[in-house]
Amino acid sequence: MAAAGDAHPVARPTPWWERILGSGDDKTYVSPHARNKIVLKLSKIGEAKCQPLIEAFNQCCRGKNFAQLMCKGKYNASQECMHRYMNDENAELVAKRWVELGRPHKPDWSVLLAGIEEEGDRKGAQAAAKASAAAKQ
């Protein structure tokens, strides 16, 4: 049996509330209200950019009983598009910028969201290139 001093410390997993709300550390903490605002802004960007795909899915679903099964391809395409803009990376980036600006009550969203649309557009172009390359093979 090993001596008490020889024991290696066991790393505990991060609790879910710390992953969502932060660890309470003043340097990195983002309030739930601020995080909700960030998610709302990212979703509005995604909705604006993915509107044609969302509308195509809505049109496909009209008048169908099992729309989720019959329109799965359009649903997946709209969700993929939204995920380019609404993802954990973008939320963390915007939250980090918000903290760096001193957690303003009325932030300049153009500064916080700078580059998010372009990055999502770039990911979309890469996905389209991969899809076209796979279709040619």
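The values are calculated or read from the model by the stated rules, or taken from the named source; none is laboratory data. Everything quoted here is computed from the prediction, not taken from an experiment. Areas reflect the complete protein model, heavy atoms only, side chains present, ligands, DNA and RNA absent. Shrake-Rupley method; radii C 1.70, N 1.55, O 1.52, S 1.80 Å.
Can you pick out the pairs among 72/136; 27/96; 74/123 whose Cα atoms lie more than 20 Å from each other?
Over 20 Å Cα-Cα: 72/136.
In square nanometres and to one decimal, what's the mean projected area of the convex hull around the Cα atoms of region 32-130?
Seen from a random direction, the Cα hull of region 32-130 projects 7.5 nm² on average.
Largest first, what is the accessible-area ranking of 132, 31 with a 1.4 Å probe?
Output order, biggest surface exposure first: 132, 31.
Enumerate the calculated ³J(HN,Hα) couplings along region 59-76 in order (Karplus 6.51 cos²θ - 1.76 cosθ + 1.60, θ = phi - 60°), each rounded to whole Hz, writing x wherever the residue is Gly or Pro.
Running phi through 6.51 cos²θ - 1.76 cosθ + 1.60 with θ = phi - 60° gives 5, 5, 7, 4, x, 10, 6, 10, 4, 4, 7, 6, 10, 4, x, 6, 5, 4 Hz.
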